Each structure stands twice: as structure tokens, then as C-alpha cells.
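**Q** Structure in C-alpha cells, see below.
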Amino acid sequence: MLFAIEVTASQFTVNNLWKSFFASTIAVLCFKAFGATEKAALFSADASYFYQGDASLGVNQELPFHIILGIFCGVLGSIYISFQLFVNKTRKKLAANYSLFSNDWYYTLGMVFVCTNLIYFTGVMQTGDKGIINNMINID
């Protein structure tokens, strides 16, 4: 549903939420209906090849890892939001005393400078797209 909102809506408004939910529900029901009749091979609603465990419950060996990943990403997201709130509060305090921090252009250029130096000197994200794809494919 979030993907449908992202693709179809130019502005994320509450009015689009129920429309996207309705469209997603209808799309899933159509996929299930066409997959059940087996007349449309393009629409395969049988997802049994995803399950290696008990398919009737929809439980497989990857489910605990997905739960752990969800918790980990939620904690990291909370830390990032807390950090961003800290940066914004610090910027507001500094903007009251220094005009350098009240200008949005200087703030943006300063953040670009900090991020660029972090990326350059730590080697983060210097692998390139081919290196990243090779690392994903090679499972040696």
C-alpha cells in the first residue's frame, strides 16, 4: 500500500491513504482470483514456493530473521530521528546567537561538507555500483 501511495500520489495526503488501501486490496483479490482459476499463467497467486516450513501456517525459517531485522531497523530509525531532533534543536539555539546558522544555504553547505568528509576519509560508499553488485553475488 505504501508503494502505491508513493507511485500514484504527488503529495502524501490522508485522502490518498484509503484510496490506495482499497486499490491494493482489489489488486490482491484479483491476483488471488486469477491464480485460483489457473487460466492466467501471468497471475500466479500460489506463493507456496516461498515456504520451506509449515506452509499452512505461513511459517518458514526466515521469519525470525525478518522479525529481528524489523526490530533492528526500528531501533536504528528511532536513533536517527532522535539525532535529527538534536541537530535541529542545536541549530535553533546557535541561530539565536550566530547568523551563520540561521541561513539555510550555509547550513546545507555545512552538512554537505561534513558528510562528504565522512564519506571520503572513512571509505564508506566508495565501492561503486559494480563492487556492491559483486559483493552481493559472491557468496564464497
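Every read-out reported here was derived from the displayed coordinates using simple, explicitly stated rules and does not represent laboratory data. From a predicted model like this one, the values you see are computed outputs, not experimental measurements. No Cβ is skipped: glycine too gets one built from the backbone with ideal geometry, and neighbour counts run over all protein chains shown.
**Q** Measuring from label point to label point, each 7 Å out along Cα→Cβ, what is the residue 96 to residue 126 span in nm?
**A** 4.1 nm
**Q** Using label points projected 7 Å from each Cα along Cα→Cβ, tell me how many nm separate residue 109 and residue 28, to one decimal.
**A** 5.0 nm
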